[in-house]
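**Student:** One structure coming up, written as structure tokens, with questions to follow.
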Amino acid sequence: MKKEKSFFSKQFKNIMFEKGFTQRELAVKLGVGAELVSRWVNGVRKPSISSLRKISKVFNVPISYFIENEISDKSNKNSTEMKIKFSFLEEKIRRVEIENSLLKKEIELIKIKLSKKK
């Protein structure tokens, strides 16, 4: 009997098709192997959190696009609370990434200033 594909796998395959990506093109864009993308598409594996963040950025959708149904299926009465917490965490991740970017720029400026003093 064939195993039913995960919600992630269905969503991933659909958005790849909608956006016109091949598995190979997407693998290059994400910096992973084409075999791994194939496993995601076929529901053999699910991506890590960091890969899921990259995937959501490439497709310009929230991470919840790929897991929302799995969250609500597990507990309908807690799904709203979980979605709120998840949205909060997504926003927190965005802020940390922005802060990280700003710190990198600040470090570069300090390096430039230090090199001019020599």
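**Student:** Scanning segment 56-84 for residues that are within 16 Å of the chain's Cα centre (by Cα) and of a type in the set (Ser, Thr, Tyr), which turns out modelled with the highest pLDDT?
**Tutor:** Ser56
**Student:** For Phe21, which of the numbered conditions (1) buried (at least 16 other Cβ atoms within 10 Å of the Cβ); (2) at pLDDT below 90; (3) part of a loop (DSSP other than H, G, I, E, B) fails to hold?
**Tutor:** All conditions are met except number (2).
**Student:** Let me ask something additional. Any chance you could count how many residues in segment 47-59 are crowded, with 17+ Cβ neighbours inside 10 Å and in a loop (DSSP other than H, G, I, E, B)?
**Tutor:** 1
The values are calculated or read from the model by the stated rules, or taken from the named source; none is laboratory data. Remember, predicted model here, so these are calculated numbers, not experimental data. Cβ sites come from the backbone with ideal geometry, for glycine too, and all protein chains shown count toward neighbours.
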